[in-house]
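As structure tokens, the structure follows; a few thoughts come after it.
The values are calculated or read from the model by the stated rules, or taken from the named source; none is laboratory data. Bear in mind the structure is a predicted one, so any value in this text is a computation, not a measurement. Reconstructed Cβ throughout: ideal geometry from the backbone, glycine too, with neighbour counts over all protein chains shown. Surface accessibility is based on the protein's heavy atoms, side chains included, excluding ligands, DNA and RNA. Shrake-Rupley method; radii C 1.70, N 1.55, O 1.52, S 1.80 Å.
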Amino acid sequence: MNISNKSPFEGKRVYVAGHRGMVGSAIVRGLAQHNCAEIITRSHSELDLTDSAAVLTFFRQERPEIVFLAAAKVGGIMANNTKPAEFIAENLAIQDSVIRAAHEIGVKRLLFLGSSCIYPRDCPQPIKEEYMLTGPLESTNRPYALAKLAGIEMCWAFNRQYGTEFLSVMPTNLYGPNDNYDLKNSHVIPALVRKMHEAKVQNASEVVIWGTGTGLREFLHADDMADACLFLMQLPDEVYLPVVQSETTAPLINIGCGEDQTIRQLAELVREVVGFEGELVFDTTKPDGTPRKLLDISRIKQLGWVPRIDLRDGLTSVYQEFAAKQSATV
């Protein structure tokens, strides 16, 4: 893929919604390498993205030219199960406010971050983009998935009706700096890292893990995810426009690493990285979630992007960061 030496971000006002989150902060770090006119950010206390009037006022004042919509209410199985109303309502409100405001002020390129949970629970593997809406969703995160599906459809609808160039990307399971380590709301990697670190410090004999350990999952480092997002938003028009302007195909691209492992294999790898020497106990009374969720990433690979960060290397850097923060708070 030949991309001009001049970055498409150069001299542009770029807004990153959700800049304090794991993916948003990684996108901001990536954008810092480009000569943007300004990287625009707002914290939740400064701008409530569920408030459509406030969001529209913000867009009219700041006039961003490129938007990364990485803001979302996210969480693991426990959080999705206990607060389904918040997961669907807040995510629908965020997406509606930002996408409509972007159109209102004439933003051309917007990248909407979805989730691989939008695909059917029992999807053929690996999962191709065209498998969207071909079967029932996983019940444990259906409200969140439906919100993200609505976001994809909204981007597609605005592209078809108004000629916008809004792209949706579906990341696999992500981990990295600024992850959420709250055991009530975290995803599997930060939960395992925290559990095993605390067990190691306390000389515990075991760590209990939800489910049977047989579920298969794919993981991508947040910096790789950000790199893919920036890559896509830099594509020249002759490559980018056919992706977002199709009448028959959703403007949707999977982002992953193309490899998966069982939760048991992941737990054993985290145990090695952390240095916990106790036993792993799987609580089979708890749900496994989707049996397997491996993304087909052939579309983005054909465009010229591949991931760079190995899972073991990524976990090692994540644990070093977590352990350092824990030591600093003691």
* Structure fact -> With label points set 7 Å from each Cα along the Cα-to-Cβ direction at SER246 and ALA204, the distance between them in nm comes to 4.6 nm
* **1.4 Å probe accessible area per residue over region 1-134, in Å²** => 46 Å²
* Any lysines with Cα under 20 Å of the LYS195 Cα? List them, leaving off those in the same chain fewer than 8 positions away. => LYS184, LYS286, LYS325
* Structure fact -> Carbon/sulfur accessible area of region 1-152, % of total, 1.4 Å probe, equals 48 percent
* Asked: Heavy-atom accessible area per residue, region 205-302, 1.4 Å probe: how many Å²?
  -> 41 Å²
* For the chain, what is the relative contact order in percent, using Cα pairs closer than 8 Å and at least 6 residues apart in sequence? -> 20 percent
* **Furthest towards positive pole of dipole, VAL98, PHE322, SER116, structure part the chain, Cβ charges** => VAL98
* Asked: Rounded if a/c is under 1.5, else prolate if a/b is larger than b/c, else oblate: which is region 122-182, with a ≥ b ≥ c the root eigenvalues of its Cα gyration tensor?
  -> oblate
* Hey, what angle do you get for helix 142-162 against the long axis of the chain, alpha-carbon based, 0 to 90 degrees rounded to 10? -> 20 degrees
* To do: Just the number, please: percent antiparallel of the DSSP beta bridges in the chain, rounded to the nearest 5.
  => 5 percent
* **On Cα atoms only, tilt of 52-62 relative to the major axis of the chain in degrees** => 60 degrees
* Asked: Within region 4-90, which GluC sites (Glu not before Pro) sit in a loop by DSSP and count at most 10 neighbouring Cβ atoms inside 10 Å?
  -> GLU46
* Can you pull the one-decimal nm distance between simple spin-label points at GLN302 and VAL239, each 7 Å off the Cα toward Cβ? => 1.4 nm
* Taking the Cβ of SER43 as the center, what net charge do the other residues with Cβ under 15 Å away carry, scoring Lys and Arg +1 and Asp and Glu -1? -> -2
* What is the dipole size for region 232-330, taken about its Cα centre, with +1 at each Lys and Arg Cβ and -1 at each Asp and Glu Cβ, in debye to the nearest 20? -> 80 debye
* **Degrees between helix 22-31 axis and first principal axis of the chain (Cα, 0 to 90, nearest 10)** => 50 degrees
* region 9-143 shape via C-alpha gyration tensor axes, a/c threshold 1.5 -> prolate
* Structure fact -> Over the chain, the sum of -39500 (n - 2.57) across DSSP H runs of at least four, divided by residue number and rounded to 500 deg cm²/dmol, gives at 222 nm -13500 deg cm²/dmol
* Structure fact -> Too long for a 22 Å Cα-Cα cut-off, among LYS128/LYS301; LYS12/LYS73; LYS12/LYS301, are LYS12/LYS73; LYS12/LYS301
* Asked: Calculated from the structure, Kirkwood radius over Cα pairs in Å equals which of (i) 21.2; (ii) 20.4; (iii) 19.7?
  -> (ii)
* To do: Only Lys, Arg, Asp and Glu count, each charged at its Cβ (+1, +1, -1, -1), so figure out the dipole size of region 83-194 about its Cα centre, rounded to 20 debye.
  => 60 debye
* Only Lys, Arg (+1) and Asp, Glu (-1) charged, at Cβ; the chain dipole about Cα centre in debye -> 300 debye
* Anyone know which of ALA37, ALA101, ALA147 comes out most mobile in the 10 Å Cα GNM of the chain? -> ALA37
* May I ask you to list the GluC sites (Glu not before Pro) in region 226-330 that are in a DSSP loop and have at most 15 other Cβ atoms within 10 Å of their Cβ? => GLU247, GLU259, GLU277
